[in-house]
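What follows draws every value from the coordinates through simple rules; no lab data is involved. Keep in mind it's a predicted model, so treat the numbers as computed, not measured. With ideal geometry, Cβ positions are generated from the backbone for all residues, glycine too; neighbour counts draw on all protein chains shown.
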Amino acid sequence: MSPNDTFGKAGGAASEALNALRRWIERAQGFALLIAVCNSPRSSRDLIRLIAKRLPERTFTSVELDEDTTSPLDEILRQVSSETDGPVMVLGLERSCPSDAPYHPVLEGLNLSRPRWPLELPRPVVLWVPEYILGLLGRESPDFLDWRSDTLYFPDLPDAGLGSVDYELWGGGVDGRLSETQRTTRISELRSRLADLEGVQDPFAVSLRASWLAELGNHLAFLGDMDGASQAYERALKLEEDLGRAGNVAALYANLAMISQVRGELDAAEERIRRAVSIEENLGNRLGLATDLGNLGLIQQQQGRLSEAELSLRQALSVQEALKDQEGAVRTMGNLAAVLLELGQWDEAESFLRRAEEIYRRLGDVRGRAAVLANRALISGERGDLNRAEKYLQEALALNLRSGSKLGMARNYSNLGLLAEQKGEFDRSREAGKRALSIFEEIGDTASAASVRVWLETHLQKST
């Protein structure tokens, strides 16, 4: 039996439900009740560990109820800390609610305590229960059950399926945690799954195909196969539009905008990212809106519309800081610094970069630190400190080599070539330029490749 057969629909259902739970946790403000239906206590605990690992900025608390529990709320309050406001995972309600008992006092207690929950527990609460408990809640605690924001269903999973759920939960490894070998293995698995479901029109199967195509696009884009990524995203977009899943449609437009930007098709990139912005505004998804505004700013920067780029990036940063989205805010700081540098506002740019580098260091984000160091190199170069600029670029290159970021490496080599030319080291400059050109061509960044080619043929040609 293949890994695909072992995982099957169970893994797809688990990843869909876990992603929905992640979105609820990310967006909840104050009390929210989620019912997570899972018949296996082991799977429940494994799934909680996965989602907690993928949301490290949230402090998760797991509360175990036992057979003597009479008031779940009081027991939860006893175990949670008032110093955090992260989500609470509640397990074990079935221990005090045997299926063959005619009456369940603990469920009556839930009904009676209903008004206290939002006041005394202003945070997301996820009640993990087997399926029969959901039925009991509907009969014996209907008022309490009315608090629920959603009910999510999780199948029992084999151990072999957890890795696939993990991949799908964090969106296909776009943050660089997979090695190239792991990524290509995952691509093969996704293509096998997609082939198995080709032509199947069941809504659940269509939903899985859309999610898998989006993840496939992420992996291919990370490996530099922009044509393959674009095809996967376009196929996923058609399915998501048919399914009416607006949030996923917005994300795919943003991904397609990124590919257009890499190819130098800036008008198409702007049109696609503005579609994403419009959808996120209509949905009221401030987190997604901030990300898309940040990407719009990058496209405007590449178009040379620096004042508009600065405005878009400052709007994005304002939202991200209000939402305490540290990872989003730090990326925007780096991008805003790059725009400020082009505008000649060096001091403010460097201030943002210092803040960003420290945050990236704390987060352990290698690619983020590389981008910051590359921008600090630009500031040092503008100030005439070429040795410090080269030091920053070499550090950035080492980090991009470590993370496998081909676009980052290409940009570093290009800038090292320009720097070497300024220092009169023409052989080194040519070598760095050729390396940059090779990588830009490999990943399909035609605009950057053309720019480097012209530079090699003109500026450096004069030095031979």
### Task
Considering the options S278, S405, V319, tell which one lies farthest towards the positive end of the dipole of the chain, charges being +1 on Lys and Arg and -1 on Asp and Glu at the Cβ, about the Cα centre.
S405
### Message
Quick check: the distance between the Cα centres of segment 224-299 and segment 14-86, to the nearest angstrom?
### Response
31
### Task
With only Lys, Arg, Asp and Glu charged, each at its Cβ (+1 for the first two, -1 for the last two), find how big the charge dipole of the chain is about the Cα centre; round to the nearest 20 debye.
1260
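Sort 393-400, 237-244, 64-71, 30-37 by packing, meaning the average of other beta carbons within 10 Å per residue, with the highest value first.
Descending mean neighbour count gives 393-400, 30-37, 237-244, 64-71.
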### Query
Looking at L47, S188, G417, which one has the Cα that reaches farthest to the positive end of the dipole of the chain (charges on Cβ: Lys, Arg +1; Asp, Glu -1)?
G417
### Task
Mind checking the full-extension length gain between K53 and A205? Use 0.36 nm per residue of separation minus the Cα-Cα distance, one decimal, nm.
52.0 nm
### Task
Rounded to the nearest 500, what is the 222 nm mean residue ellipticity of the chain from helices alone, with -39500 (n - 2.57) per DSSP H run of 4+ residues and division by all residues?
-23000 deg cm²/dmol
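Considering only DSSP beta bridges whose two residues both sit in the chain, what percent are antiparallel, to the nearest 5?
Working: 0 of 19 bridges.
If we restrict to bridges inside the chain, about 0 percent are antiparallel.
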### Query
Percent relative contact order of segment 3-164, based on C-alpha pairs within less than 8 angstrom and at least six residues apart?
42
### Task
With only Lys, Arg, Asp and Glu charged, each at its Cβ (+1 for the first two, -1 for the last two), find how big the charge dipole of segment 96-159 is about the Cα centre; round to the nearest 20 debye.
300
### Query
With the contact rule set at Cα under 8 Å and sequence spacing of 6 or more, what percent relative contact order holds for the chain?
11
### Query
Residues with amide H under 5 Å of A36's amide H, sequence separation 5 or more or different chain, H placed in the peptide plane at 1.01 Å from N; which?
L127, W128, V129, L152
### Task
Place the peptides 302-310, 84-92 in order of packing, highest mean first, counting for every residue the other Cβ atoms within 10 Å and averaging per peptide.
84-92, 302-310
### Student exercise, segment 387-464 dipole from Lys, Arg, Asp, Glu Cβ charges, in Debye to nearest 20
160
#### Entry: Inter-probe distance in nm under a simple model that places probes 7 Å from Cα toward Cβ, at R453 and R402
3.5
### Query
Which whole-angstrom value gives the distance between the alpha carbon centres of segment 114-156 and segment 354-375?
41
## Note on the structure
With x for Gly and Pro, the residue-by-residue ³J(HN,Hα) of segment 115-126, computed from phi through the Karplus equation 6.51 cos²θ - 1.76 cosθ + 1.60 at θ = phi - 60° and given in whole Hz, is x, 7, 4, x, 7, 9, 9, x, 7, x, 10, 10
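Count neighbours as other Cβ atoms within 10 Å of each site's Cβ, and list the trypsin sites (Lys or Arg not before Pro) in segment 328-435 that are DSSP loop with at most 12 such neighbours. Mind dumping the intermediate values first?
Details: sites: R331, R354, R355, R361, R362, R367, R369, R376, R383, R388, K391, R402, K406, R411, K423, R428, R430, K434, R435; in loops: R383, K423.
Within segment 328-435, the qualifying trypsin sites (Lys or Arg not before Pro) (loop, at most 12 other Cβ atoms within 10 Å) are R383.
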### Query
For volume of the Cα convex hull per residue in Å³, which listed value, (1) 135; (2) 170; (3) 154, comes from the coordinates shown?
(3)
### Task
For S62, enumerate residues with amide H under 5 Å from its amide H, sequence gap 5+ or separate chain, H modeled in the peptide plane.
M89
### Message
Nearest 10 degrees is fine. How inclined is helix 346-363 to the longest principal axis of the chain, computing both from alpha carbons?
### Response
40
### Task
Step through the residues of segment 22-32 one at a time and calculate ³J(HN,Hα) from phi using the Karplus curve (6.51 cos²θ - 1.76 cosθ + 1.60, θ = phi - 60°), rounding each to whole Hz and writing x for Gly and Pro.
4, 4, 4, 5, 5, 9, 5, 10, x, 6, 8
